[in-house]
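Asks: Below are the structure tokens for one structure; questions will follow.
The values are calculated or read from the model by the stated rules, or taken from the named source; none is laboratory data. Everything quoted here is computed from the prediction, not taken from an experiment. Cβ atoms come from the backbone with ideal geometry, glycine included; neighbour counts cover every protein chain shown. Just so you know, the surface numbers come from the protein's heavy atoms only, side chains and all, with ligands and any DNA or RNA stripped out. Shrake-Rupley method; radii C 1.70, N 1.55, O 1.52, S 1.80 Å.
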Amino acid sequence: MAEKVLMKGNEAIGEAAIVAGCRHYFGYPITPQTELTEYMSRRMPKVDGVFLQAESEVAAINMVYGAAGAGARVMTSSSSPGISLKQEGISYIAGAELPCVIVNMMRGGPGLGSIQPAQGDYFQATKGGGHGDYHNIVLAPNSVQELVDITVLSFDLADQYRNPVMILGDGALGQMMEPAEFHSSNTGLVKKPWAAAGMRGRGKPNIINSLYLQPEALEQHNIHLQRKYALIKENEIRYEEIKTEDAELVLVAYGITSRIARSAMERARAEGMKVGMFRPISLWPFPEQQLAKSAENASALLTLELSAGQMIEDVRLSVGNIKPVHFYGRTGGMMPSPQEIYQEIVNIMNGKGGK
Amino acid sequence: MTEKLFARPKSLTDVSTHYCPGCHHGIIHRLIAEVIDELDVQDKTIGVAPVGCSVLCYDYFNFDMIEAAHGRAPATATGVKRVHPDAVVFSYQGDGDLAAIGTAEIVHAAARGEKITTVFVNNAIYGMTGGQMAPTTLVNQVTTTSPYGRNPNFTGMPIKMSEMLATLDGAKYIARVAVNNPVNMIKAKKAIKQAFEIQLNGLGFALVEVLSICPTNWGMSPLEAVEWMEKNMVPYYPLGVFKVPEEVAK
Amino acid sequence: MTHEMIMSGFGGQGIMLMGQLMTYAGMIEEKNVSWIPSYGPEMRGGTAYCSVIVSDEPIGAPMVSEPNIVVAMNLPSLHKFEPVIHPGGALIINSSLIDQEAKRTDIKIFKIPANDIADELGNAKVTNMVVLGAIVAATSCIELESVLKAFTKMFAKKPALLEINEKALRRGAEYIQKNC
Ligand SMILES: Cc1ncc(C[n+]2csc(CCOP(=O)(O)OP(=O)(O)O)c2C)c(N)n1
Ligand code: SF4
């Protein structure tokens, strides 16, 4: 299917999941990701897949736990309030080392908040979210094509590391339409000899579990998880750099914000200002060293988020205290215009500092 | 009578609602407000709003309100009632809110015999999010997540919440009503009033299920929607009182 | 060349589809394209709009804040978006529903009685296609033929719709060519 099609972000994720071999989807409607749930309800029956609308997000993530434990490529999706409800299940999935893909098309919070785009779930996604010492692999696409590619990649990574992968998008990415091409998964469906699929002559039962009553055993399990996370950090960093080589100011933004930042950057460049952009694609693992290197010659950074400042903590950890890290963010579902960000850039370049 | 029907109850604010033309949410709000006025308890009423089309009902009711998380209104109402046992506490919930994500909360509030009142608006669909299948969606009904019609092989049969809750000892009053014509509206109001009286008399949990319409997501005119409801919903969800304490029944 | 457009009107006027067809047509011409709607509680009955970008350059922000093309299908849309049009840009007004004049003098203004033209064609539903034809004629942002190709693709399952929609599209374009 190499022909380009024009698709909404939410629907493109659904089609990409099917292309990646996902045949089990469990979800619950919530704006602004409902189109994905609806797309799966139409498409899954056509490919002999399972679509099930759960009674809640809590149920949906536990259906995912079951399906992943039984060896399937499985996905669920929601938006902020629903993702909060899934946290218990995600912790169990991480503990039991099950592969699955979880999509969060973020909206304004906290609480019921709004249905407009936001990036206020960065902490929740990258720092744990549920209880215990675990990490999701967190990927943040910024176009419909990347939603497609990253969805396919997410299934491969989930299987490779037996780890939940979260796709962190937002309401704008879900609603927008852009051309996309679909390419199938690299690894394809992999064998899962560990799955609880019925012994069927295996001889030894497979147990899917996150309970280790002996502290020694649980500590060993945690050490094993941490080793795995170290491996992921080593191998799965993803990012994009644009015009950072000579940049005096490096913008740092992910997802939809990076699109707006890019427009602002072009505007500044057109005015002769040396501005570049660093875009983390993997938010966990965060491209710490790559960002530090990218900003080596810059005199300042400007972090841009649809939040009151969450990723900025990782930016600061990456570059240390040697250079100023400015911040500009909008919250509640408000989106900055390129002009707004351009103005911030001008202020910083003129030495007036940012907000 | 006429005058009373058309004057705005004290317990409603003077703002126009965001509901679609023909939607029954507005009528149901009005009946509740009239009952609160007649019982003269506006001053000590605390309502709990759901997540659903009626999420903004805190703007329409003219008494204290708390907006709950999706499905959790009965738990939130429980908390309120345990702080203010003398207050009149009710939750207002749609079928996605009450019969899907909030099933545990409503069952346990009823089982505990929580002295609250619940008004349950069953329109067989998720209105707010644009027409997805609800647990109450009828067999073969087309929604945006049952695009080929609800198939009971994969999704089971629509849940009859009133019948189910009536099996619980803590539930003292359970009725199903509709507001599709003036006669039924009078019956509906009577049921709502009884449900609040049960609470005022400290008898236990009371719930009134109101069959409602969603012309927007059913893809019908309000008139067609009422007809569809009468023809399809009422036979599956029979109107009537499923449970009532003896002393009240008399 | 970058065309940044906002198309705005009542929910139900076919604004979203109009934008999608434009986007699709741009894709057929192998340009970079994006489409993003306004969404939210305003959807039913209120003003709805979408941003469309058709460009030779990679697209940054898909949300258009300084459009060089604005289509106002109703009065609230005119009020909301006339002030933000880039100087030198184009404003297309549906004069069937808007009897006010635009105030700006630094932009090109095109008026088209789209509802009346659609009524003449005997199908009120093609008002949006009349306007789409008008945008193409007024701005040359894409080829009319690409819109037709896009329509054929998007409505592959309903080929019968093409004839009346093509007529509407051409009538919209002709109106602009003759009158503006
Ligand atoms: C945790 C969570 N999940 C999902 C949603 C999205 N949501 C809002 S309202 C709603 C369903 C409303 O349907 P119903 O309860 O039937 O009420 P109606 O709108 O039909 O009156 C859903 C799923 C949410 N707000 N929070
Ligand atoms: S969407 Fe349905 S339930 Fe919601 S206000 Fe409109 S008619 Fe009523």
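Asks: Write out, first by first residue and then by second, each pair whose Cβ atoms fall under 6 Å of each other, whose residues are 6+ apart or on separate chains, and whose first residue, in the range B:104-132, is farther than 30 Å from B:ALA87 by Cα while the second is within 16 Å of ligand 1 (Cβ to nearest atom) and assigned to a helix (DSSP H, G or I).
Replies: B:ILE125/B:ASN217; B:TYR126/B:GLY96; B:GLY127/B:CYS53; B:GLY127/B:ASN217; B:THR129/A:THR34; B:GLY131/B:ASN217
Asks: Return the pair list, or none, for Cβ contacts closer than 7 Å from residues in the range C:138-166 that are in contact (Cβ under 8 Å) with a residue 40 or more places away in the chain to residues that are part of a loop (DSSP other than H, G, I, E, B) and aliphatic (A, V, I, L, M), at least 6 apart or on different chains.
Replies: Between residues of the range C:138-166 that are in contact (Cβ under 8 Å) with a residue 40 or more places away in the chain and residues that are part of a loop (DSSP other than H, G, I, E, B) and aliphatic (A, V, I, L, M), the close pairs are C:ILE164/C:LEU121.
Asks: Run down B:ILE46, B:ILE66, B:ILE27 and say which single residue is surrounded by fewer than 24 Cβ atoms within 10 Å (Cβ to Cβ), within 13 Å of ligand 2 (Cβ to nearest atom) and in contact (Cβ under 8 Å) with a residue 12 or more places away in the chain. Quick ask: steps written out before the conclusion?
Replies: Numbers: B:ILE46 fails: within 13 Å of ligand 2 (Cβ to nearest atom); B:ILE66 fails: within 13 Å of ligand 2 (Cβ to nearest atom).
Criteria check complete, one pass: B:ILE27.
Asks: Return only the number of the condition from (1) open to solvent by 10 Å² or more (accessible area, probe 1.4 Å); (2) within 14 Å of C:GLY172 (Cα to Cα) that C:PRO87 does not satisfy.
Replies: (2)
Asks: I'm trying to understand the selection: among the residues of the range B:141-175, which are of a type in the set (D, E, K, R) and open to solvent by less than 30 Å² (accessible area, probe 1.4 Å)? I'd like the intermediate steps shown before the answer.
Replies: Our first condition is that a residue be of a type in the set (D, E, K, R); within the range B:141-175, this holds for B:150, B:160, B:163, B:169, B:172.
B:ARG150, the sole residue that qualifies.
Asks: Assuming C:ILE53 fulfils every condition listed in (1) within 14 Å of another protein chain (Cβ to nearest Cβ); (2) over 18 Å from C:LEU17 (Cβ atoms); (3) not in a loop (DSSP other than H, G, I, E, B) apart from one, which condition is it?
Replies: (2)
Asks: When you go through B:ALA178, B:ALA99 one by one, which is the residue that is within 11 Å of chain A (Cβ to nearest Cβ), surrounded by 19 or more Cβ atoms within 10 Å (Cβ to Cβ), out of contact with any Asp or Glu (no Cβ under 7 Å at 6 or more places or on another chain) and touching a residue at least 24 places away in the same chain (Cβ under 8 Å)?
Replies: Working: B:ALA178 fails: within 11 Å of chain A (Cβ to nearest Cβ).
The unique qualifying residue is B:ALA99.
Asks: I need the full set of residues from the range A:270-297 which are under 17 Å from the mean Cα position of the chain (by Cα) and free of Cβ contacts under 8 Å to residues at least 60 places away in the same chain, in order please.
Replies: Filtering the range A:270-297 for residues under 17 Å from the mean Cα position of the chain (by Cα) gives A:278-288.
Correct list: A:PHE278, A:PRO287, A:GLU288.
Asks: Could I ask something else about it? Cβ-Cβ under 7 Å, sequence separation 6+ or interchain: first residue in the range A:220-234 and more than 12 Å from A:ALA94 (Cα to Cα), partner of a type outside the set (Asp, Glu) and surrounded by 11 or more Cβ atoms within 10 Å (Cβ to Cβ). Which pairs?
Replies: A:ILE232/A:ILE137; A:ILE232/A:TYR161; A:ILE232/A:PRO285; A:LYS233/A:PRO285
Asks: To continue, here is another question. Check B:VAL15 against each of (1) open to solvent by 30 Å² or more (accessible area, probe 1.4 Å); (2) of a type in the set (A, V, I, L, M); (3) part of a helix (DSSP H, G or I) and name the one condition it does not meet.
Replies: (3)
Asks: Given the structure, is B:VAL51 part of a helix (DSSP H, G or I) and either within 14 Å of ligand 2 (Cβ to nearest atom) or away from every other protein chain (no Cβ under 14 Å) (or both)? I'd like the intermediate steps shown before the answer.
Replies: Values: part of a helix (DSSP H, G or I): no; either within 14 Å of ligand 2 (Cβ to nearest atom) or away from every other protein chain (no Cβ under 14 Å) (or both): yes.
Criteria not met by B:VAL51.
Asks: Follow-up. Working only within the range B:126-150, note down all residues that are of a type in the set (Gly, Ala, Ser) and within 15 Å of ligand 2 (Cβ to nearest atom). Steps first, answer last, please.
Replies: So the first thing to find is which residues in the range B:126-150 are of a type in the set (Gly, Ala, Ser), and the list is B:127, B:130-131, B:134, B:146, B:149.
B:GLY127, B:GLY130, B:GLY131, B:ALA134, listed by residue number.
Asks: Then there's this: Only one of A:LEU291, A:LEU283, A:LEU304 is open to solvent by less than 10 Å² (accessible area, probe 1.4 Å) and within 14 Å of chain C (Cβ to nearest Cβ). Can you tell me which? Give the derivation first.
Replies: On the way: A:LEU291 fails: within 14 Å of chain C (Cβ to nearest Cβ); A:LEU283 fails: within 14 Å of chain C (Cβ to nearest Cβ).
Of A:LEU291, A:LEU283, A:LEU304, the one residue that is open to solvent by less than 10 Å² (accessible area, probe 1.4 Å) and within 14 Å of chain C (Cβ to nearest Cβ) is A:LEU304.
Asks: Could you grab me the full set of residues in the range C:103-117 that are buried (at least 17 other Cβ atoms within 10 Å of the Cβ) and part of a loop (DSSP other than H, G, I, E, B)?
Replies: Of everything in the range C:103-117, those that are buried (at least 17 other Cβ atoms within 10 Å of the Cβ) and part of a loop (DSSP other than H, G, I, E, B) turn out to be C:ILE107, C:PRO113.
Asks: Looking at the structure I just gave you, is A:GLY113 out of contact with any Leu (no Cβ under 6 Å at 6 or more places or on another chain), on the phi > 0 side of the Ramachandran plot and away from chain C (no Cβ under 14 Å)? Show your work before the answer.
Replies: Details: out of contact with any Leu (no Cβ under 6 Å at 6 or more places or on another chain): yes; on the phi > 0 side of the Ramachandran plot: yes; away from chain C (no Cβ under 14 Å): no.
Here the answer is no, as A:GLY113 does not meet what is asked.
Asks: Which count do you get for residues in the range B:218-229 that are open to solvent by less than 40 Å² (accessible area, probe 1.4 Å) and of a type outside the set (Val, Ile, Thr)? Spell out how you get there, then give the answer.
Replies: Within the range B:218-229, the first condition is being open to solvent by less than 40 Å² (accessible area, probe 1.4 Å), and the residues that meet it are B:218, B:225-226, B:229.
Imposing the further condition that a residue be of a type outside the set (Val, Ile, Thr) reduces the set to B:218, B:225, B:229.
Here the count works out to 3.
Asks: Within the range C:143-157, can you find the residues that are out of contact with any helix residue (DSSP H, G or I) (no Cβ under 7 Å at 6 or more places or on another chain) and not in a helix (DSSP H, G or I)?
Replies: Selection gives C:GLU143, C:ALA156, C:LYS157.
Asks: Which of the residues that make up the range B:39-54 are within 11 Å of ligand 1 (Cβ to nearest atom) and either on the phi > 0 side of the Ramachandran plot or modelled with pLDDT under 95 (or both)?
Replies: Hit for the range B:39-54 is B:GLY52, nothing else.
Asks: Enumerate the pairs (first residue in the range A:48-59 and more than 16 Å from ligand 2 (Cβ to nearest atom); second residue anywhere and of a type in the set (D, E, K, R) and at pLDDT 95 or above) with beta-carbon separation below 6 Å, excluding pairs fewer than 6 apart on the same chain, so at least 6 apart or on different chains.
Replies: Within 6 Å, the pairs are A:GLY49/A:ARG23; A:GLU57/A:LYS86.
Asks: Suppose we filter the range A:307-355 for residues that are open to solvent by 20 Å² or more (accessible area, probe 1.4 Å) and either within 14 Å of another protein chain (Cβ to nearest Cβ) or of a type in the set (Lys, Arg) (or both); how many remain?
Replies: Summing the residues that are open to solvent by 20 Å² or more (accessible area, probe 1.4 Å) and either within 14 Å of another protein chain (Cβ to nearest Cβ) or of a type in the set (Lys, Arg) (or both) in the range A:307-355 gives 13.
Asks: Another question about this same structure. Among what's in the range B:181-209 and is out of contact with any Lys or Arg (no Cβ under 8 Å at 6 or more places or on another chain) and not in a helix (DSSP H, G or I), pick the residue that is least open to solvent (accessible area, probe 1.4 Å). Explain how you work it out, then say what you get.
Replies: We begin by selecting, within the range B:181-209, every residue out of contact with any Lys or Arg (no Cβ under 8 Å at 6 or more places or on another chain); these are B:181-197, B:200-201, B:207.
Checking which are not in a helix (DSSP H, G or I) leaves us with B:181, B:201, B:207.
Values: B:ASN181: 52, B:ASN201: 107, B:LEU207: 0 Å².
For the range B:181-209, the residue satisfying everything is B:LEU207.
Asks: Sticking with this one: Among the residues of the range A:15-34, which ones are more than 16 Å from ligand 2 (Cβ to nearest atom) and either within 15 Å of A:LEU85 (Cβ to Cβ) or assigned to a strand (DSSP E or B) (or both)? So that I can check it myself, show each step before the final result.
Replies: Kept after step one, since they are more than 16 Å from ligand 2 (Cβ to nearest atom), are these residues of the range A:15-34: A:15-28, A:32-33.
Within the range A:15-34, A:HIS24, A:TYR25, A:PHE26, A:GLY27, A:TYR28, A:GLN33 meet the criteria.
Asks: OK, next. For residues that are among the charged types (D, E, K, R) and over 23 Å from A:TRP194 (Cβ atoms), scanning just the range A:40-85, find the one that is farthest from ligand 1 (Cβ to nearest atom). First the steps, then the outcome.
Replies: Initial filter on the range A:40-85 (among the charged types (D, E, K, R)): A:42-43, A:46, A:48, A:55, A:57, A:73.
Then keep just the ones that are over 23 Å from A:TRP194 (Cβ atoms); that gives A:42-43, A:46, A:48, A:55, A:57.
Numbers: A:ARG42: 18, A:ARG43: 20, A:LYS46: 25, A:ASP48: 27, A:GLU55: 10, A:GLU57: 6 Å.
Looking at residues that are among the charged types (D, E, K, R) and over 23 Å from A:TRP194 (Cβ atoms), I get A:ASP48.
Asks: Right, another one. Just to verify a result, which residue in the range B:69-88, among those that are open to solvent by less than 20 Å² (accessible area, probe 1.4 Å) and touching a Gly at 6+ places or on another chain (Cβ under 8 Å), is nearest to A:VAL58 (Cα to Cα)?
Replies: The selected residue is B:GLY71.
Asks: Which condition number does B:ASN123 fail, the rest of (1) under 14 Å from B:GLY52 (Cβ atoms); (2) away from chain A (no Cβ under 12 Å); (3) more than 16 Å from ligand 2 (Cβ to nearest atom) being met?
Replies: The single condition B:ASN123 does not satisfy is (3).
Asks: Further, regarding this structure: Anything in the range A:36-57 that is in a helix (DSSP H, G or I) and surrounded by 22 or more Cβ atoms within 10 Å (Cβ to Cβ)? List them, or say none. Show your work before the answer.
Replies: Just the residues of the range A:36-57 that are in a helix (DSSP H, G or I), to begin with: A:36-47, A:57.
Passing the criteria: A:LEU36, A:THR37, A:GLU38, A:TYR39, A:MET40, A:SER41, A:GLU57.
Asks: On the given criteria, is B:GLU34 in contact (Cβ under 8 Å) with a residue 60 or more places away in the chain and over 20 Å from B:ILE213 (Cα atoms)? Show your work before the answer.
Replies: Working: in contact (Cβ under 8 Å) with a residue 60 or more places away in the chain: yes; over 20 Å from B:ILE213 (Cα atoms): yes.
Yes; evaluated as a whole, the condition is true for this residue.
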